[in-house]
Amino acid sequence: MKILNQNRFCSVAWLTISLTFLLVAEVAAQFEFDKEPLNYKTAEVDDAVFQLSKKLEQGLLKLEWDENRGWLPSLLKHLNITDSSQTLVFTKTSLQLNKISPSNPRAIYFNDETYVGFVPGGDFIELSAVDPNLGAIFYSIQQQIEQPYIARDQSRCMTCHGTNKTQGVPGYLVRSVFPSESGHPHYEMGTITTDHRTDFKERFGGWYVTGNHGEMRHRGNAIAKKNDPPIDFETGANLVRLPDRIKTKNYMTATSDVVALMLLEHQSQMHNYITKANYETRQALHYQQEMNRITERPEEYQLESTTRRIESAAEKLLEYMLFCGEYQLESPIAKDSPFVNYFASLGPRDSRNRSLHDFDLQTRMFRYPCSFLIYSDSFEGLPEPVLAYLARRIHEVLSGQDQSKTFSHLSAEDRKAILEILAETKPTITERWRDIDQEMPK
């Protein structure tokens, strides 16, 4: 088994609901990642999918075939992805677009570092994982093959997954569109990239959505008509099960959980912000090194532009991580789904049994508004200058030193709780905070 660079197996629009619009409008906005200091195409990778591929190659594990879903159940098992994370998108936005329709949607399964895309009857399964140094890496595995192998794509996926909609880095995006009866989006009616800041009424166009969300409405579960309004918001609201036209036996579950969708929106862009901070820091330091060499200045000479570039990326990451601008829920969202229970069980928890995985779902997504991806290898693997800056800024905000309007959504109780949770559950940041406290004037 080899890791092959095979473009034909990669989805052009991984985790997106856009194809033509992006191809036309964003090809000119492609970002190059294969140069120093990033070397996206040639640098060694160490993500969850690559680790799985090595085990397959070495014969340390074998995938099991399922008659209805191919390699999917076995892949999810070995990648430690719960079935309950299933979300379904029925727009034609994959290389397998001829297989996708409102009656045969594409399923996405995920955990905090890995994504799997599956179409019943499809020729291959899409895979993507976050490398701590490089960001999103894209792969695929063929169905109906006796000796399955994982193929990596290094360029074609970047058409959509390396644009300004992914923060200009290899990353992810979730989009909401107005879908036609065939599953083709009505691009002329507009599309939107969604995350936790998006108005609920603008979300989930082209997706199936199950779960109770009260009086709030969204674009999901509906076919768009060229009327005013184009979406019947009532028909698609508060569905407890998928439409009868979908053969649920072809999928892992019979749901497309609304909370899983909300989490997918949040973490897709959170990954991008982390990768952006990584890339900006490395590029700024590389540029500084080259300028110092050319101008014969000392290697340690710090350019003001380097500091500004690092701090700008860090502040954007900080604001997103602490849920600045989060859409305030107007109705409670039901907490009784298997996905909610599973995700909340992940921890880690402090001595008072509090966790950043605890949902609120009354007025906001999380009880303690700080992204759980602060525990990720990608966050911990950020270059030292930006990681040190972030540790200081997180301390300033949570300790109440920063009372700026930007973080005014965080109450004193919120700040105290998050500070205490991190102090007990993230030792690396606690060590940095001790250094900060020692630097503070007495």
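The values are calculated or read from the model by the stated rules, or taken from the named source; none is laboratory data. Fair warning: this is a prediction, and the values are worked out from it, not measured in the lab. Virtual Cβ from ideal backbone geometry, glycine too; neighbours counted across all protein chains shown.
Of the residues making up the stretch 80-120, those that are of a type in the set (Gly, Ala, Ser) and modelled with pLDDT of 95 or more are 84, 85, 101, 103, 107, 117. Screening 228, 257, 232 for residues that are within 24 Å of residue 191 (Cβ to Cβ) and in contact with a Phe, Trp or Tyr (Cβ under 6 Å, 6 or more places away or on another chain) leaves exactly one candidate, 257.
Taking the stretch 61-82 as the range and being in contact with a strand residue (DSSP E or B) (Cβ under 9 Å, 6 or more places away or on another chain) and either touching a residue at least 60 places away in the same chain (Cβ under 8 Å) or of a type outside the set (A, V, I, L, M, F, W, C) (or both) as the test, the residues that pass are 63, 69, 70, 71, 72, 73, 74, 75, 76, 80, 82. The condition (being within 30 Å of residue 217 (Cβ to Cβ) and over 22 Å from the mean Cα position of the chain (by Cα)) is satisfied by just one residue among 385, 332, 338: 332. Every test in (1) touching a residue at least 24 places away in the same chain (Cβ under 8 Å); (2) of a type outside the set (Phe, Trp, Tyr); (3) outside any loop (DSSP other than H, G, I, E, B) is passed by residue 169 save one, and that test is (3). With respect to the conditions (1) surrounded by fewer than 17 Cβ atoms within 10 Å (Cβ to Cβ); (2) farther than 30 Å from residue 300 by Cα; (3) in contact (Cβ under 8 Å) with a residue 24 or more places away in the chain; (4) among the charged types (D, E, K, R), residue 380 lacks only one, and its number is (2). Given the options 199, 228, name the one that is under 24 Å from residue 110 (Cβ atoms) and either surrounded by fewer than 23 Cβ atoms within 10 Å (Cβ to Cβ) or not β-branched (Val, Ile, Thr) (or both). On inspection, the qualifying residue turns out to be 199. Flag not set for residue 348, criterion: out of contact with any helix residue (DSSP H, G or I) (no Cβ under 8 Å at 6 or more places or on another chain), within 30 Å of residue 252 (Cβ to Cβ), modelled with pLDDT of 95 or more and not small (Gly, Ala, Ser). Looking only at residues that are in contact with a helix residue (DSSP H, G or I) (Cβ under 8 Å, 6 or more places away or on another chain) and of a type in the set (Asp, Glu) in the stretch 278-320, which one is nearest to residue 132 (Cα to Cα)? Here the answer is 280. Filtering 235, 255 for residues that are of a type in the set (Val, Ile, Thr), without any contact (Cβ under 8 Å) to a residue 24 or more places away in the chain and not in a helix (DSSP H, G or I) leaves a single hit, 235. Kindly check whether there is at least one residue in the stretch 269-285 that is within 27 Å of the chain's Cα centre (by Cα), surrounded by fewer than 19 Cβ atoms within 10 Å (Cβ to Cβ), among the acidic types (Asp, Glu) and part of a helix (DSSP H, G or I). No - not one qualifying residue is present in the stretch 269-285.
Answer with yes or no whether residue 159 is touching a residue at least 24 places away in the same chain (Cβ under 8 Å), in contact with a helix residue (DSSP H, G or I) (Cβ under 8 Å, 6 or more places away or on another chain) and either among the basic types (Lys, Arg) or surrounded by fewer than 18 Cβ atoms within 10 Å (Cβ to Cβ) (or both). The answer is yes for residue 159. Against the definition (in a helix (DSSP H, G or I), modelled with pLDDT under 95, under 24 Å from the mean Cα position of the chain (by Cα) and surrounded by fewer than 17 Cβ atoms within 10 Å (Cβ to Cβ)), how does residue 428 come out, yes or no? Yes: the conditions hold for residue 428.
With the structure loaded, tell me whether residue 61 is farther than 30 Å from residue 184 by Cα, modelled with pLDDT under 95, hydrophobic (A, V, I, L, M, F, W, C) and part of a loop (DSSP other than H, G, I, E, B) or whether it fails that test. Answer is yes for this residue.
Here the condition is being under 18 Å from residue 363 (Cα atoms) and under 22 Å from the mean Cα position of the chain (by Cα); of 197, 219, it holds for 197 alone. Figure legend. Inter-residue proximity from the stretch 302-314: first residues closer than 10 Å to residue 285 by Cβ, second residues hydroxyl-bearing (Ser, Thr, Tyr) and at pLDDT 95 or above, beta-carbon distance below 7 Å, spacing 6+ or different chains. Indicated pairs: 310/281; 310/389. Restricting to the stretch 238-260, count the residues that are buried (at least 20 other Cβ atoms within 10 Å of the Cβ), polar (S, T, N, Q) and in contact with a helix residue (DSSP H, G or I) (Cβ under 7 Å, 6 or more places away or on another chain). Matching residues across the stretch 238-260 total 0. Within the option set 235, 194, being surrounded by 14 or more Cβ atoms within 10 Å (Cβ to Cβ) and more than 30 Å from residue 74 (Cα to Cα) holds for one residue only, 194.
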